[in-house]
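The values are calculated or read from the model by the stated rules, or taken from the named source; none is laboratory data. If you're wondering where the values come from, they're calculated on a predicted model, not measured in any experiment. In this analysis, Cβ positions are derived from the backbone assuming ideal geometry, glycine residues included, and neighbour counts consider all displayed protein chains.
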């Protein structure tokens, strides 16, 4: 076997490979002989078919098979010999494959994995958000929880922002009622901009049993096209004004939150633990995002087109399944793979960089690390043994854990290399931006 | 009716198909003979002329045999497959029939 490597572009390579035809021919003959022992051809007893007849019938087919195998084997050998890493599938073109020629020649055009020039990670700066979970945050959370559990009670006074109002209203434009302008007994929360501000301002100040007639203009950009920008007359009758009553922060309240013995200190500490867990999770996610972004920015890689296309196709396929899962007929939705090009490029690039970093610095997941994560997961369940077994039973599940470990290894390593600063961050900022 | 005067149309109908079997490959190797299934009423001279016409070869001799159709029973009924005629064609030395070209 002879092979000859050409460099077409920085990533594209062409291998011209020649195999002696004799090898192919003997292999074909061997297979035909083996075949003649089993084939059934009309007019012959099984196993008594002359090789010549078998060749007439099956010669071409066997030859194709042998050539296919030869290509696979010789290509693999050549690639190993030249120390190439092939990305995607090679394009094979047979140059001369006739029985009579001495050489079977073909060319394989393919792309190789790019050398990843790892950037200087020490130049990266990563901001690690540091958030203190203090009393203020806990109070705020409690406040939110109280609002969620508010009870509304009717009161005899004028409605104000924050109250609920039960009312009838009838709206007309030039004396005509319009769609959605009339309702009876509808309950609305005031002061949360659920209504048009003009309407709300008119309702505020009314007490139960009062009614009022007023005109107001719909804003130009109102979503109901027919009424947008028009003046309407409303007749509103308020039946009830309801005042929110927030539950007291007491043991009753604690019980509704699942603290069995209603101990307030315990409730606070539980809320704190929850918040801290959430903060930790978001911090890790935030740092990870930064690390990945840093890797992408600091390293330049030329992407093999074949890989990008593969990835894009995979994404498109995933999208299709997603649509189907949501009950849409995906067969009719045209999903051009080009639409996924950008995302595919990003993923391939990240994948290449990550594997390069992992290879170079030996960050792959170690069995004991995997075990640790599995243990941690198992602890959260009632039967840890079951969970452990469940994970170790299938390589797929373990691989999931491995990738998690790998990711955290990588993040740890990069943060070790890069300039890492602790950045005090407001609680709300972290919660907001990591979503 | 001699082979020379037989009209071509008739000759084209004489030879039906080659016989491919263990025996036919055996005699082909041993005696340089080729076996055909031929029309039931074909004569030796006709067959000779037909082979020479179709395959452009020279025939040394022709032997024929009548093959009885197999008896087959379907339920209570006894039936018989069609009888047919088989011709062994011996070619002159050095000649060969190229089936792919001849049937064109």
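The strands (runs of 3 or more DSSP E) falling completely within segment B:1-84 that include 2 or more residues that are under 29 Å from residue A:54 (Cα atoms) map to B:15-18, B:33-38, B:59-67. Evaluation of residue A:92 against the conditions (1) more than 30 Å from residue A:272 (Cα to Cα); (2) in contact with a strand residue (DSSP E or B) (Cβ under 9 Å, 6 or more places away or on another chain); (3) buried (at least 18 other Cβ atoms within 10 Å of the Cβ) shows that the sole unmet condition is (3). Read through the list (1) surrounded by 15 or more Cβ atoms within 10 Å (Cβ to Cβ); (2) touching a strand residue (DSSP E or B) at 6+ places or on another chain (Cβ under 9 Å), then give the number of the only condition that residue A:268 fails. Residue A:268 satisfies every listed condition except (2). For residue A:307, the stated conditions hold: it is in contact with a helix residue (DSSP H, G or I) (Cβ under 6 Å, 6 or more places away or on another chain) and more than 18 Å from residue A:137 (Cα to Cα). Of the residues making up segment A:2-46, those that are assigned to a loop (DSSP other than H, G, I, E, B) and either within 14 Å of chain B (Cβ to nearest Cβ) or at pLDDT 85 or above (or both) number 10. Within segment A:47-72, the residues that satisfy the criterion of being part of a helix (DSSP H, G or I) and more than 23 Å from residue A:93 (Cα to Cα) are A:51, A:52, A:53, A:54, A:55, A:56, A:57, A:58. The number of residues in segment A:187-214 being under 12 Å from residue A:238 (Cβ atoms) and exposed (fewer than 11 other Cβ atoms within 10 Å of the Cβ) comes to 0. Scanning segment A:316-370 for residues that are farther than 21 Å from residue A:414 by Cβ, at pLDDT below 75 and surrounded by 14 or more Cβ atoms within 10 Å (Cβ to Cβ) yields A:330, A:335, A:337, A:339. Being over 30 Å from residue A:356 (Cα atoms) and either modelled with pLDDT under 80 or assigned by TED's automatic domain parsing to the domain that holds residue A:350 (or both), is that true of even one residue in segment A:398-407? Looking for residues that are over 30 Å from residue A:356 (Cα atoms) and either modelled with pLDDT under 80 or assigned by TED's automatic domain parsing to the domain that holds residue A:350 (or both), one finds none in segment A:398-407, hence no. The number of residues in segment A:228-241 that are touching a strand residue (DSSP E or B) at 6+ places or on another chain (Cβ under 6 Å) and either free of Cβ contacts under 8 Å to residues at least 60 places away in the same chain or not assigned by TED's automatic domain parsing to the domain that holds residue A:191 (or both) comes to 2. Annotation: of all residues in segment B:25-49 being within 14 Å of chain A (Cβ to nearest Cβ), surrounded by 14 or more Cβ atoms within 10 Å (Cβ to Cβ) and farther than 17 Å from residue B:61 by Cβ, the one that is modelled with the lowest pLDDT is B:25. Within segment A:52-68, the set of residues being exposed (fewer than 14 other Cβ atoms within 10 Å of the Cβ) and more than 14 Å from chain B (Cβ to nearest Cβ) comprises A:61, A:64, A:68. For the structure I just gave you, tell me whether residue A:49 is at pLDDT 85 or above and within 14 Å of chain B (Cβ to nearest Cβ). Yes. Please state which of the following conditions residue A:115 fails to meet, knowing it meets all the rest: (1) away from chain B (no Cβ under 14 Å); (2) outside any strand (DSSP E or B); (3) at pLDDT 80 or above. Every listed condition holds for residue A:115 apart from (3).
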